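The structure under discussion appears below in the form of structure tokens.
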Amino acid sequence: MFALLAFLISLVLTLFFTSIITPTPLSDSGTVRYRTVPIMTILLIVANSLVFMIFQAPDLYQGSALMNTSPVEGMARLNNYIAQTYTLGYRAIFVREGLSIGAFSVFTSMFMHADMWHLIGNMIYLWVFGRRVEDACGSWRFLAFYLISGIVAVIGWELFNTAHIDEPIIGASGAIAGVMGAYLVMFPGAMITSFWGIGTLLRLPVVAVLKLMGVGWVKDAPTWRWTIRLPAFLLLLFFLGQESLASLLPFLQTQQGGSVGGVAHSAHVAGFLAALLIFLFVRKDLLTRYFSGRRL
């Protein structure tokens with residue numbers, strides 16, 4: 001019980017501190033048109049979580065300071081995790097050398113994560129943006145779009161990462177970036193409830209002043225809120241701009257071919273741009289509504 005409480009506290013604190021500058025989405029305010037249960041989104045979250053908990057976490061734990069082992073013994077146990085990452089994480093050298101595992105690792109890399117926080121962050125984004133995109137496509141078409149976005153992200157990483165083709169790339173971020181891009185294309189005006197430290201602090205004096213001025217539309221609004229609602233287009237274009245800068249500006253690349261601090265930013269951008277393929281997967285009646293300018 002204590003361990004669970006400690007984990008929940010650490011989760012909340014991590015979300016808070018990582019959201020001081022950059023907003024972290026928590027939920028969207030839109031309703032689904034077809035009232036479908038986002039079964040594929042849920043299954044993808046479960047699949048990613050199970051791969052991490054069953055396949056990766058034991059080796060991460062055994063190689064950590066939590067185990068009562070010597071440094072040498074701990075590193076020996078960590079070798080299993082390193083081997084898994086280099087075997088099932090995607091590497092361009094697999095393709096260049098004509099190794100058959102290259103194609104297989106394109107898919108396996110989408111379900112592997114570097115650590116628990118990498119997994120939790122990705123799954124939050126998948127849940128927030130995947131629900132309505134899946135509803136717009138249908139479960140199986142959504143899965144196809146998700147996987148194709150992940151493949152496009154890997155290709156984008158390979159194009160930008162020619163100097164380090166032996167480095168593995170893991171994580172669902174590229175595929176989820178495609179889902180985020182699709183959300184931007186279809187629901188740009190949706191409001192996203194987010195943690196955002198700076199935004200919350202900036203909102204406080206604005207609301208307080210407007211209340212003192214007697215502005216009607218803020219009359220019943222709370223002066224302080226832990227979360228803030230942001231338009232989807234603002235949140236997602238900020239994400240795209242941030243990732244694009246990290247991928248392209250020479251002083252941010254640090255000679256790592258589109259990655260900064262171990263993050264494959266170029267894969268995120270490529271996955272986001274894969275959202276242009278969403279029109280091949282959206283339900284026909286919704287597509288008609290979209291191009292006729294009607295509300296989705």
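The values are calculated or read from the model by the stated rules, or taken from the named source; none is laboratory data. These numbers were taken from a predicted model, which means no experiment stands behind them. Cβ: placed from backbone, ideal geometry, glycine included. Neighbour counts: every protein chain shown.
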When you scan the range 240-263, do you find a residue that is modelled with pLDDT of 75 or more, surrounded by fewer than 16 Cβ atoms within 10 Å (Cβ to Cβ) and not in a helix (DSSP H, G or I), even just one? no
Scanning the range 157-188 for residues that are over 25 Å from Ile42 (Cβ atoms), in a helix (DSSP H, G or I) and either modelled with pLDDT of 95 or more or in contact with a strand residue (DSSP E or B) (Cβ under 9 Å, 6 or more places away or on another chain) (or both) gives Trp157, Glu158, Phe160, His164
So is His113 in a helix (DSSP H, G or I), at pLDDT 70 or above, closer than 29 Å to Thr14 by Cβ and not polar (S, T, N, Q) or not? no
Can you find, within the range 23-54, the residue that is modelled with the lowest pLDDT among those that are over 15 Å from Ile120 (Cβ atoms), touching a Leu at 6+ places or on another chain (Cβ under 9 Å) and not polar (S, T, N, Q)? Gly30
In the range 79-94, which residue that is surrounded by fewer than 17 Cβ atoms within 10 Å (Cβ to Cβ) and among the hydrophobic types (A, V, I, L, M, F, W, C) is modelled with the lowest pLDDT? Ile93
Would you point out the residue of the range 11-48, among those that are out of contact with any strand residue (DSSP E or B) (no Cβ under 8 Å at 6 or more places or on another chain) and of a type in the set (S, T, N, Q), that is surrounded by the fewest Cβ atoms within 10 Å (Cβ to Cβ)? Thr31
Just the residues that are among the aromatic types (Phe, Trp, Tyr), under 18 Å from Gly30 (Cα atoms) and either touching a His at 6+ places or on another chain (Cβ under 8 Å) or at pLDDT 85 or above (or both), please, taken from the range 277-296. none
Can you find a residue in the range 223-234 that is hydrophobic (A, V, I, L, M, F, W, C), over 19 Å from Thr18 (Cα atoms) and modelled with pLDDT under 75? yes
Residues (crowded, with 19+ Cβ neighbours inside 10 Å, within 17 Å of Gly171 (Cα to Cα) and of a type in the set (Val, Ile, Thr)) located in the range 107-154: Ile151, Val152, Val154
